[in-house]
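The values are calculated or read from the model by the stated rules, or taken from the named source; none is laboratory data. Since the structure is predicted, the reported quantities are computational estimates derived from the model, not experimental observations. Every residue, glycine among them, receives a Cβ derived from its backbone with ideal geometry; neighbour counts consider all protein chains shown. Calculation scope for accessible area: heavy atoms of the full protein, side chains included, ligands and nucleic acids excluded. Shrake-Rupley method; radii C 1.70, N 1.55, O 1.52, S 1.80 Å.
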Amino acid sequence: MTTQAISEAQLHALADGVLPEEQRAAIDAHLRAHPEDAARVDAWREQNRQLRALFDPVLDETVPPALRQAASPAAANGAWRRPAMQAAAAIVLLIAGGAGGWLLRGGDGTSASASPLTLARSAAIAHAVYTPEVRHPVEVGAAQEAHLVQWLSKRLGTQLRPPALSPLGYQLIGGRLLPGDGDGPVAQFMYEDGGGKRLTLYVAKERTGRQETAFRYTQEKDLSVFYWIDGQLGYALSASLPKRELGKIADAVYAQLEQAR
């Protein structure tokens, strides 16, 4: 009997809860025989859970009148288009700042400026997406650190120096290149402690003329972010750690970056 190959799309569909029921038995049998794929599906499910925990509260927020009107049947020229318009309105809220609403709170209760807000929001999303990955958390591993640093430095157009956090119990496991928010690509360095807890340092090239900022802090559930702008670069350190503990690491990161300037 010929066994049908299981595709990556089917595994993603299982993790997302949209796999057709008639395919479930074959997929379950495949996962029992391939524990590495089962681990990937578990990682994707955890990734989905973390993203929902971060952003589901946005869907409970009051929709602005203009968007509510745009999602009405009359505005959509037919009741059949209403669900799609409502979904689009939710996406607009997410991108326009609803998803980062919790990031508007600075560590002292003040509102963050637009640039640091975008930096922190993007870093938090990247952290939530990539830290749960089991097999591919980074593009280039720490075994090729020299190549990683050279590659990311070239793409960002400035010399990057990932801080050494081993005295604090965290080892660099690698990094990746990510798309930015209009200012070019950004770099993400990922660290891990002996217990498997991960933290990420997100580095973005800032527009010329932006002023430097002091440390700012935000938290949503168990995800903490310290973020700041220093010269031409913006930094965001993210981890599921208490504020005081992550603050000590942020101080060490800042001190090393200053020494390397």
Point to revise | Entirely in the stretch 142-261, the strands (runs of 3 or more DSSP E) that have 1 or more residues that are open to solvent by less than 20 Å² (accessible area, probe 1.4 Å) and closer than 15 Å to TYR130 by Cβ | key: 171-178, 186-192, 198-205, 223-230, 233-239
Check your understanding: Can you pull out the residues in the stretch 7-42 that are more than 18 Å from ARG135 (Cα to Cα) and not in a helix (DSSP H, G or I)?
Key -> GLY17, VAL18, LEU19, PRO20
Check your understanding: Got at least one residue in the stretch 223-232 being farther than 16 Å from ARG121 by Cα and at pLDDT 95 or above?
Key -> no
Review point. If we scan the stretch 191-200, do we find a residue that is closer than 16 Å to LEU168 by Cβ, at pLDDT below 95, more than 19 Å from the chain's Cα centre (by Cα) and small (Gly, Ala, Ser)?
Key: yes
